[in-house]
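First comes the structure, then the notes that go with it.
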Amino acid sequence: MIFDTEYIVKKINAIQKDDTIKNENDLADAIKNNILPTETLLSAFTDLRLKISEHMRLDKVLFLFGNGASIYAGSKDTRDFQLSRFAKDKKYKSIKSILQNIDECGIEEQLNALITVRSYYSIVKDDNEAIVTQLINEIKNELIDNFVNSIDYAGLNLHEIFLLKLRSFGCLSRSSIYTPNYDLAFEYMMDKLRIEYCDGFSGFVNRVFDPRTLVSNAKTSIIKIHGSVNWKSEEDKIKEFQPRFSEHKVVIDDKTPVLIYPTSDKLYQTYSTPYSELMRHMLDEMETGENVIIVLGYKYGDDHINEILLKALENPNNIYYFFLYNPSEHSAFTDRIKMLCESMPNINLLTGSILASFDVFVKYIMPALPEKTDQEKAFELLKGVLMGDEKQ
């Protein structure tokens, strides 16, 4: 089933008995400026919240959160990265014209273009190969410093509400959070709330990656499928180190963290440790049993992740909620989901900047308690009537 902003607008106008909210922009302004009462918004999202509440009672609750879940706290959208500004740097003067002619269409495409240019210089034995390599390394450092580590760890209120709702619902031990994000937002808040979690590492002084810890654990799982800013390679092992925080910012001294950077090479990197084990675990969880799978803040731009989601669709016992922030964007994956949700009742697609907002999801869609559906309420009412007849 497809839900869009118009669906919520109609709900709100029916509750208020007027039509002051006419479109997505009106609704966004009303939410941002606190024009609508919280009770009205909660009521407008009741149907969706009840659906998810019912499905969160299944075997496992599996989340896939992309960068859209961290932007509110200060993480930057990598699509805002601008390569052309490096053309102003004197040390890149020899490749200035190339930098000015690469389209600014997201950091991955720009890095891929630079990698192609470097390959050309390598073939023709041009000294600019070293210059391009220097620039690629500088961009990778900037990605960590200015796009990932820009998070204000004192402002993770939505992460806190999300985890508190999971706890009150009673499904923490059945929940797994998968994310390609490198930041430590979920880990930081789980520590604050004293939630024990499993992340694929074992040990205390030396925390070493051990995929066996992910099997049959009775804790919340936080699984970083693209690596993390506090992972490093040491002694042929992947280790997790304790980060430092200063003025609510994370301080990472190691400038070579174990990450899958946003380049065309990332597909091949997923075949190596630790990513292959993490991706395999993700697929195993989604293929086994009856689960609710919620995908939000993710741009559906990683083929290796999309492939796992498509394979998971072969499990007819799963219930899916795919959130699509910009419904006008097209990809092979999202077009297929749009087609499948029309004929498969276990697939739900929620589109638009309101419904697919991490803020709205956490505050109004995410259930805090296992609410009773109308069917369950009716059954209890009927049961009460029948029991009353028996007593008579």
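Quick notes on this structure:
- Criterion: in a loop (DSSP other than H, G, I, E, B) and of a type in the set (Asp, Glu) - qualifying residue of Asp19, Asp29, Asp47: Asp19
- Of all residues in the range 169-183, those satisfying the criterion of being at pLDDT below 95 and of a type in the set (A, V, I, L, M, F, W, C) are Phe169, Cys171, Leu172.
- Residues of the range 192-232 that are touching a strand residue (DSSP E or B) at 6+ places or on another chain (Cβ under 8 Å), β-branched (Val, Ile, Thr) and open to solvent by 10 Å² or more (accessible area, probe 1.4 Å): Ile195, Val208, Thr213.
- Pair list, Cβ < 7 Å and 6+ apart or interchain, from the range 337-352 residues that are on the phi < 0 side of the Ramachandran plot to residues that are in a loop (DSSP other than H, G, I, E, B) and buried (at least 22 other Cβ atoms within 10 Å of the Cβ): Asn346/Asn318; Leu350/Ala356
- Filter pass, Ser150 being surrounded by fewer than 16 Cβ atoms within 10 Å (Cβ to Cβ), out of contact with any Cys (no Cβ under 9 Å at 6 or more places or on another chain) and among the polar types (S, T, N, Q): no
- Residue pairs whose Cβ atoms lie under 8 Å apart, sitting 6 or more positions apart in sequence or on different chains, and linking a residue in the range 29-43 that is polar (S, T, N, Q) to a partner that is modelled with pLDDT under 90 and in a helix (DSSP H, G or I), are Thr40/Gln16.
- Residue count for the range 82-108 satisfying the condition of being outside any loop (DSSP other than H, G, I, E, B) and either open to solvent by less than 90 Å² (accessible area, probe 1.4 Å) or closer than 14 Å to Ile131 by Cβ (or both): 15.
- Within the range 334-392, if we keep just the residues that are modelled with pLDDT under 90 and of a type in the set (Ser, Thr, Tyr), the residue that is surrounded by the most Cβ atoms within 10 Å (Cβ to Cβ) turns out to be Thr373.
- Leu62 vs. criteria among the aliphatic types (A, V, I, L, M) and crowded, with 18+ Cβ neighbours inside 10 Å: yes
- Taking first residues from the range 222-244 that are on the phi > 0 side of the Ramachandran plot and partners that are part of a loop (DSSP other than H, G, I, E, B), the Cβ contacts under 6 Å between residues at least 6 apart in sequence or on separate chains come to Gly227/Val258; Gly227/Ile260.
- Hey, Lys239 at pLDDT 85 or above, surrounded by 13 or more Cβ atoms within 10 Å (Cβ to Cβ), part of a strand (DSSP E or B) and more than 23 Å from the chain's Cα centre (by Cα) or not: yes
- Scanning the range 285-310 for residues that are surrounded by fewer than 19 Cβ atoms within 10 Å (Cβ to Cβ), of a type in the set (D, E, K, R) and within 19 Å of the chain's Cα centre (by Cα) returns Asp303, Glu307.
- Just one of the listed residues (Asn101, Asn112) is of a type in the set (S, T, N, Q) and either in contact with a strand residue (DSSP E or B) (Cβ under 7 Å, 6 or more places away or on another chain) or free of Cβ contacts under 8 Å to residues at least 24 places away in the same chain (or both), and it is Asn101.
- Lone qualifier among Leu135, Leu158 - being open to solvent by less than 30 Å² (accessible area, probe 1.4 Å), under 15 Å from Phe65 (Cβ atoms) and not aromatic (Phe, Trp, Tyr): Leu158
The values are calculated or read from the model by the stated rules, or taken from the named source; none is laboratory data. The shown structure was predicted, so the numbers you read here are calculated from the model rather than taken from an experiment. When we count neighbours, we look across all protein chains shown, and the Cβ atoms used for this are built from the backbone with ideal geometry, even at glycine. To get the accessible areas, we keep the full protein, side chains included, count just its heavy atoms, and leave off ligands, DNA and RNA. Shrake-Rupley method; radii C 1.70, N 1.55, O 1.52, S 1.80 Å.
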